[in-house]
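Structure first, then comments.
The values are calculated or read from the model by the stated rules, or taken from the named source; none is laboratory data. All figures in this text were calculated on a predicted structure; none of them were measured in a lab. For neighbour counting, all protein chains shown are included, and Cβ atoms are generated from backbone atoms with ideal geometry for every residue, glycine included.
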Amino acid sequence: MTSIERAVPWVVVVPVKVATEGKSRLAGVLDERVRAALVRAMALDTVDAALAASHVRRVLVVTADPALSGSSFGVVPEPARTSRPPLDAAVLAGVAAARAAAPGVAVAALLGDLPALQPADLDAALALAATVPRGFVADAEGTGTTLLTALGAVDPVPHFGTGSAAAHAAAGHVRLDVPLASSVRRDVDLPADLEALEATRVGRRTAALLARLLG
């Protein structure tokens, strides 16, 4: 890691759906109440890990969920319906808020479903991101995106959803060479992802919830 890479401070934007609307692909294995609790637990564990990363100056959570609040991070209201997909609109709202407070700051949109995220892994990914104007980290499958980055001179071009890795590459974001084993790539979308958490070191809220579920 170079001194230039170490010098870049980041504002991390975490978009989170209202908990009752999140993780619909887990509906077959979890009821709505449990899914809502899981969404909130994973989001707050993701935020905690991001706050513990040495390259992160600030974390902003973009959400309409009143249960997601805290003194250690900022909250940006989820934008009203626009022509953009909701997740993309939330990312851009967070970026706008970050740069209104600190013009030209480097921004990273981090999805809130990374309960196993380790601060050192995020630092490593952000160090790579500091070498390119726009970057992204693909999920473990290689088709989705868990982290989208942009340095101060440029804006991110979010295209979250099915096939987002290819869409972000086409929009000018560089795929960052983050190891497959990195916790930055381990999001939770499908029942198989949820099952894998049982053998993974996760944040305290997610761990407590899983313990109650598996009790």
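If a residue must be within 17 Å of Ala129 (Cα to Cα), under 13 Å from the mean Cα position of the chain (by Cα) and either among the aromatic types (Phe, Trp, Tyr) or part of a loop (DSSP other than H, G, I, E, B) (or both), how many such residues does region 145-190 contain?
Of the residues in region 145-190, 1 are within 17 Å of Ala129 (Cα to Cα), under 13 Å from the mean Cα position of the chain (by Cα) and either among the aromatic types (Phe, Trp, Tyr) or part of a loop (DSSP other than H, G, I, E, B) (or both).
Of Leu60, Leu68, Leu111, which residue is modelled with pLDDT under 95 and touching a helix residue (DSSP H, G or I) at 6+ places or on another chain (Cβ under 9 Å)? Don't jump to the end; show me each part of the working.
Working: Leu60 fails: modelled with pLDDT under 95; Leu111 fails: modelled with pLDDT under 95.
None of the other options fit; the residue is Leu68.
Hey, among Arg201, Arg212, which residue is in a loop (DSSP other than H, G, I, E, B) and at pLDDT below 95?
Numbers: Arg212 fails: in a loop (DSSP other than H, G, I, E, B).
Checking each option against the conditions leaves just Arg201.
Which numbered condition in (1) of a type in the set (A, V, I, L, M, F, W, C); (2) touching a strand residue (DSSP E or B) at 6+ places or on another chain (Cβ under 9 Å); (3) surrounded by fewer than 19 Cβ atoms within 10 Å (Cβ to Cβ) is the only one that Val56 fails?
(3)
If I filter region 99-107 for residues that are touching a helix residue (DSSP H, G or I) at 6+ places or on another chain (Cβ under 9 Å) and either outside any loop (DSSP other than H, G, I, E, B) or not hydrophobic (A, V, I, L, M, F, W, C) (or both), do I get at least one hit?
Taking region 99-107 and keeping what is touching a helix residue (DSSP H, G or I) at 6+ places or on another chain (Cβ under 9 Å), we get 105-107.
Of the ones still in play, those that are also either outside any loop (DSSP other than H, G, I, E, B) or not hydrophobic (A, V, I, L, M, F, W, C) (or both) are 106-107.
Checked against the condition, which is being touching a helix residue (DSSP H, G or I) at 6+ places or on another chain (Cβ under 9 Å) and either outside any loop (DSSP other than H, G, I, E, B) or not hydrophobic (A, V, I, L, M, F, W, C) (or both), region 99-107 yields at least one hit.
When you check Asp193 against the structure, is it without any contact (Cβ under 8 Å) to a residue 40 or more places away in the chain, surrounded by 14 or more Cβ atoms within 10 Å (Cβ to Cβ) and in a helix (DSSP H, G or I), yes or no? Working first, answer last.
Values: without any contact (Cβ under 8 Å) to a residue 40 or more places away in the chain: yes; surrounded by 14 or more Cβ atoms within 10 Å (Cβ to Cβ): yes; in a helix (DSSP H, G or I): yes.
Yes.
Checking Arg201 against (1) among the charged types (D, E, K, R); (2) under 26 Å from Ala41 (Cα atoms); (3) in contact with a Gly (Cβ under 9 Å, 6 or more places away or on another chain): exactly one of these is not met. Which one?
Going through (1) among the charged types (D, E, K, R); (2) under 26 Å from Ala41 (Cα atoms); (3) in contact with a Gly (Cβ under 9 Å, 6 or more places away or on another chain) one by one, Arg201 breaks only (3).
Let's see how each residue does on (1) outside any loop (DSSP other than H, G, I, E, B); (2) farther than 11 Å from Val11 by Cα:
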position: Ala37; (1), (2): yes, yes
position: Ala43; (1), (2): yes, yes
position: Val61; (1), (2): yes, no
position: Arg81; (1), (2): no, yes
position: Leu87; (1), (2): yes, yes
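With the structure loaded, tell me whether Gly163 is buried (at least 24 other Cβ atoms within 10 Å of the Cβ) and either acidic (Asp, Glu) or in contact with a Ser or Thr (Cβ under 7 Å, 6 or more places away or on another chain) (or both) or whether it fails that test. Walk me through how you get there before you give the answer.
Numbers: buried (at least 24 other Cβ atoms within 10 Å of the Cβ): no; either acidic (Asp, Glu) or in contact with a Ser or Thr (Cβ under 7 Å, 6 or more places away or on another chain) (or both): yes.
Judged against the criteria, Gly163 is not a match.
Please go through region 108-138 and give me each residue that is more than 12 Å from the chain's Cα centre (by Cα) and not in a loop (DSSP other than H, G, I, E, B), ordered by number.
Those that are more than 12 Å from the chain's Cα centre (by Cα) and not in a loop (DSSP other than H, G, I, E, B): Pro119, Ala120, Asp121, Asp123, Ala124, Ala125, Leu126, Ala127, Leu128, Ala129, Arg134, Gly135.
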